[in-house]
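What follows is one structure encoded as structure tokens, with my remarks underneath.
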2 protein chains.
Amino acid sequence: MDSEASLRNERKRGSGVKVVYDILRDEILDLELPPGSPIDEVQLSERFGMSRTPIREALVRLAGEGLIDTLPNRSTMVSQIDFLNMHSYFDALVLMYRVTTQLAAKYHRPEDLEGVRTLQAEFADAVEAQDALAMISTNAALHLAIAEAGRNPYFTSLFSRLLNEGRRLLRLYYQSYNDRLPRRFVEEHDEIIAAIEARNTELAERLAREHAEQIVSQIQKLLMREERLDVSL
Amino acid sequence: MDSEASLRNERKRGSGVKVVYDILRDEILDLELPPGSPIDEVQLSERFGMSRTPIREALVRLAGEGLIDTLPNRSTMVSQIDFLNMHSYFDALVLMYRVTTQLAAKYHRPEDLEGVRTLQAEFADAVEAQDALAMISTNAALHLAIAEAGRNPYFTSLFSRLLNEGRRLLRLYYQSYNDRLPRRFVEEHDEIIAAIEARNTELAERLAREHAEQIVSQIQKLLMREERLDVSL
DNA sequence: TGCATATTTCTTGTCGACAAATTAAATACA
DNA sequence: TGTATTTAATTTGTCGACAAGAAATATGCA
């Protein structure tokens, strides 16, 4: 497993941290590194064929985004998904859906919508193919593109963080995405995009709110189902 | 100037980065390090009496919060205050004022209000003493305490970031705070706290919104005055 | 055997040094 | 004198090594 380490000498100076950061980030979000997994610096330095210094820098960045937890002088591990404060997450997610969509209707430029439409087409393909993992990631990319058209970096960065955490959460339950609901999401996306294009801020906000609440209520149903399973075991 | 470096040997392992991070952060927010200031790693390592490694880690964290900008292989410097996208900042600030106050009215516990009242008293003292710098920092602390009573870490962390950036911004114009307006802020704070205690979410949200818009419009007036000055020079 | 203490092992935090990238200075040339 | 190319100096990115803390293991003692 030295496919990454073998790049040792062809790496450009300064690119190491980004590579490590991106790969670890994806592995955490895809649950390849499940919550609670220990993060060993020397192990990572062997795997990526570089010293501990750049590894460490990547870990500091991940810790800054709350993806890993570091206990001083002790182990560092992938952060837990907090099921207790889930309502905080849903509150923030719904609000960001609303406000970013509203701002997109207000401030977008025509060329922004091209990228959005491309991603919407990819999302529709993923739904058609019943590829739940692709649905999750293209959905996040789509809404992030809408947020960027709203041109408020504060909202966009918070929204991005929330969508990433959601990616981790949804991956736990992606099996149940194989029903008829996603098709409704495709239609809702189309409506939202149309409202943005028409610069109808009120409608865009309302549709985004309903869309977000749909998603949240579905996740909550999944969580409750899971809880019942826990009890019955 | 080796008052910091002289602590070399009494420092506990692992505390170095936090010290450097905290000090640099304050110096940036207080404009002792104005936007655009170059950050030299070896200079800092001499000043703090430690190697470049912990300095570097502190800088990575500061970069993660957008307080410094790092160009690869080149200099790193204190990030600029972005006057062009100011409306994004105000939009986000007002929304966070509203939502955190609303959630505080909903979820606060009685003991939360003790800390809030203490900070409100400190704010009133600062206004009475016409200490603009203290007003800025106690005001931020007060609203952050309210946000924490709302118990949504996503909103609280974004709000904290916004208040910090505001601290930097306001410090540019704090002279003009020596007028009668701050007294009105004291009264508005009292009303907001009362609404929170009464768990009147709608009122709390409305008051917070008006309060935030007051502040924003005052800052905007200051900015416009400054622009006129720029033109006349 | 059961518990407290000492020792070893393992992981993290820090260090000084080196090498690559960039910038500044110096030299060559028209 | 002005511009292009080389050379030196500065600064960042990376490395290997060492030391401090904490955890695991071993030892001493009742």
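We did not get these values from a lab; they are worked out from the coordinates using the rules stated. Bear in mind the structure is a predicted one, so any value in this text is a computation, not a measurement. Note: ideal-geometry Cβ built from the backbone for every residue, glycine included; neighbour counts use all protein chains shown.
With angles folded into 0 to 90 degrees, how steeply does helix B:110-128 sit against the dominant principal axis of chain B? Use alpha carbons for both and round to 10.
Orientation of helix B:110-128: about 80 degrees from the principal axis.
Using only DSSP helix segments of four residues or longer, with each worth -39500 (n - 2.57), what per-residue ellipticity at 222 nm results for chain A after dividing by its residue count and rounding to 500?
-23500 deg cm²/dmol
Once label points are set 7 Å from the Cα along Cα→Cβ at both residue A:46 and residue B:80, what is their separation, rounded to one decimal in nm?
Between residue A:46 and residue B:80, the simple spin-label model gives 4.8 nm.
Using a Gaussian network for chain A with springs between C-alpha atoms less than 10 Å apart, which of these wobbles most: A:51, A:15, A:217?
A:15
May I ask for the net charge around residue A:134, where only other residues with Cβ less than 13 Å from the Cβ of residue A:134 are counted and Lys, Arg are +1 while Asp, Glu are -1?
-3
Rounded to two decimals, what ratio of Rg to Rh does the range A:8-78 give with C-alpha atoms and a Kirkwood Rh?
When Rh is taken as the Kirkwood radius, the ratio is 0.95.
What residue of chain A has the nearest C-beta to the axis that moves A onto B, and what is that distance in Å, given as a whole number?
Result for the axis mapping A onto B: A:64, 2.
Pull out a ≥ b ≥ c, the square roots of the eigenvalues of the alpha-carbon gyration tensor of the range B:45-140, then state rounded if a/c is under 1.5, prolate if not and a/b is larger than b/c, and oblate in the remaining case.
prolate
Once both labels are modelled 7 Å past Cα along the beta-carbon direction, what's the residue A:71-residue B:125 spacing in nm?
Taking the simple label geometry, residue A:71 and residue B:125 are separated by 3.9 nm.
Extension gain residue A:23-residue A:109, at 0.36 nm per residue separation less the Cα-Cα distance, in nm?
27.7 nm
If the label for residue A:184 sits 7 angstrom from Cα along the Cα-to-Cβ line, what are its distances to the same label in every other copy, in nm to one decimal, shortest first?
Counterpart label points of residue A:184 in the remaining copies fall at 4.8 nm.
Defining the label point at 7 Å along Cα→Cβ, can you sort the distances from residue B:13 to the same site in each other copy, shortest first, in nm?
3.2
To one decimal in nm, how far is residue B:49 from the same spot in the other copies, if labels go 7 Å from Cα toward Cβ? Please give the shortest first.
Output for residue B:49: 4.3 nm, nearest copy listed first.
What angle do you read, to the nearest 10 degrees and between 0 and 90, between the alpha-carbon axis of helix B:132-150 and the longest principal axis of chain B?
70 degrees
Cut-off 13 Å, label point 7 angstrom out along Cα-to-Cβ of residue A:87: give me the residues of the range B:82-117 whose amide nitrogen falls inside.
Residues passing the 13 Å test: B:103-109.
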